[in-house]
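Below is one structure, written out as structure tokens, with a few remarks after it.
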Amino acid sequence: MTTTARAYPNIALIKYWGKADEELMLPAAGSLSMTLDIYPTVTSVRRNNNDADTMIFNGRPATDRELARAVRLLDVLREIATERGLPQAGTWHVDIATRNAAPTGAGMASSASGFAALAVAAAAEFGLELSPAELSRLARRGSGSAARSIVGGVALWHAGTDAQSYAEPVSAPEMRMISVVVSRKHKKITSREAMRITAATSPYYAGWVETTQEMLPAAVQACADGDFTRLGELAEMSALRMHAAIMACEPPIHYLEPVSWEIIALAGELRENGIPVYATADAGPNVVLITTPTYAEEVAQAAQNLGTVSISGPGPAAQVLPASASLFGGEGEKHE
Ligand code: DP6
């Protein structure tokens, strides 16, 4: 049998940066994001009769590091399956084929959609019916932000214990995100590594965690109130405070480039002209502009000289696709 699932990336409004527990992938603070409706990852999982897992990534064999991260998530799933009365599941292994429409490693959160799709496909391939909260907790073990890509629309990922730390949907004002991709280069330092360095060396790390704990409930309240302006203000502050903590590392880490700052400044200029738009950026030079549906086109036009723009709205939850979507052809992965 083969199971195929699709998940979309998400962009955080209140950022996740730092872990309370690396093994369990528990965040130091909660976060809030919107799942996008562009750049999905499609992942097929099929049980094999071997004693190892294999993975094809965008049509080529996965690197050892990519495979090791997938295996870690599968190990958690094998444990869950064993606990749920499938004593043989500890020895089950799978072939994975995964395709990602996003520029991997360039700050467009491809690991979030990737691990969310893997969690959904692998759990179904094992015959387990996991709830959305359980799938979110499983996806979290692959990549923290993947916990949020299980959820459609706006997702609140809770900090806390293993049992408490999953993402759930919250209702929010209608938003559009305009991603301005300025570079497809691989980032030099992964989020995971940079989070460790920030926690270990940034004098602002404690302040960052504290302010996130304060901003998160305020952002959730702004969502409930349908208050886009307040939510946007908090989102931009969260991104800038995260980058401030990162820049203060020893040695310093710079994700934002001169053009990134130009885009952030553009958001401020547009606001002065009465356009509700706020900027955010993850662990890379790309910037995402957050606005309301009315202004999406205008904002995209204003940014188009600064990078490759794409507009996205709220995307769907991660889900299993019909058998016809399988990435496995007769032999190995289908080549398009
Ligand atoms: C800047 O989820 O990629 O995008 O949990 O170590 O896999 P790991 O990190 P990851 O970090 C995302 C960081 C961020 C902010 C965010 O998405 O909240």
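The values are calculated or read from the model by the stated rules, or taken from the named source; none is laboratory data. Bear in mind that the values here come from a model prediction, so they are computed numbers and not experimental data. Using ideal geometry, Cβ is built from the backbone for each residue, glycine included, and neighbour counts are taken over all protein chains shown.
Could you pull out every one of the strands (runs of 3 or more DSSP E) wholly within the range 1-66 that has 2 or more residues that are within 16 Å of the ligand (Cβ to nearest atom), under 30 Å from Ile290 (Cβ atoms) and among the hydroxyl-bearing types (Ser, Thr, Tyr)?
Counting at least 2 such residues, we get 31-35.
The combined condition, being assigned to a helix (DSSP H, G or I), in contact (Cβ under 8 Å) with a residue 40 or more places away in the chain and within 17 Å of Tyr16 (Cα to Cα), is not fulfilled by Leu240.
Filtered by the rule that a residue be surrounded by fewer than 24 Cβ atoms within 10 Å (Cβ to Cβ) and either within 13 Å of the ligand (Cβ to nearest atom) or not in a loop (DSSP other than H, G, I, E, B) (or both), the range 130-141 gives Pro132, Ala133, Glu134, Arg141.
Only one of the numbered conditions (1) under 24 Å from Ala52 (Cα atoms); (2) within 16 Å of the ligand (Cβ to nearest atom); (3) in contact with a helix residue (DSSP H, G or I) (Cβ under 7 Å, 6 or more places away or on another chain); (4) outside any loop (DSSP other than H, G, I, E, B) is not met by Ala123, and that is (2).
Residue count for the range 297-320, restricted to those that are more than 23 Å from Pro169 (Cα to Cα) and in contact (Cβ under 8 Å) with a residue 40 or more places away in the chain: 8. Quick one: would you say Ile96 is under 12 Å from the mean Cα position of the chain (by Cα) and more than 11 Å from the ligand (Cβ to nearest atom)? No: the conditions fail for Ile96. Gln164 - would you say it is without any contact (Cβ under 8 Å) to a residue 12 or more places away in the chain, closer than 30 Å to Val320 by Cβ and not β-branched (Val, Ile, Thr)? For Gln164, the condition - without any contact (Cβ under 8 Å) to a residue 12 or more places away in the chain, closer than 30 Å to Val320 by Cβ and not β-branched (Val, Ile, Thr) - is met.
The condition (being closer than 30 Å to Thr2 by Cα and surrounded by fewer than 21 Cβ atoms within 10 Å (Cβ to Cβ)) is satisfied by just one residue among Ala248, Ala244, Ala317: Ala317.
Here is the figure for the range 220-239: residues that are surrounded by 16 or more Cβ atoms within 10 Å (Cβ to Cβ) and either within 16 Å of the ligand (Cβ to nearest atom) or among the hydrophobic types (A, V, I, L, M, F, W, C) (or both) total 11.
Of the residues in the range 195-222, how many are under 20 Å from Trp157 (Cβ atoms) and either outside any helix (DSSP H, G or I) or out of contact with any Lys or Arg (no Cβ under 9 Å at 6 or more places or on another chain) (or both)?
Of the residues in that region, 9 qualify.
Selection within the range 190-219: residues that are within 12 Å of the ligand (Cβ to nearest atom) and among the polar types (S, T, N, Q). The member of this set that is nearest to Pro276 (Cα to Cα) is Thr212. Among the residues in the range 87-95, are any in a strand (DSSP E or B) and crowded, with 23+ Cβ neighbours inside 10 Å? Within the range 87-95, one or more residues are in a strand (DSSP E or B) and crowded, with 23+ Cβ neighbours inside 10 Å. Considering Ala317, Ala302, Ala265, Ala281, the condition of being at pLDDT 95 or above and within 15 Å of the ligand (Cβ to nearest atom) is satisfied by Ala281 alone. When Asn58, Asn49 are checked against the criterion of being closer than 23 Å to Ala323 by Cα, touching a Ser or Thr at 6+ places or on another chain (Cβ under 8 Å) and at pLDDT below 95, a single residue qualifies: Asn58.
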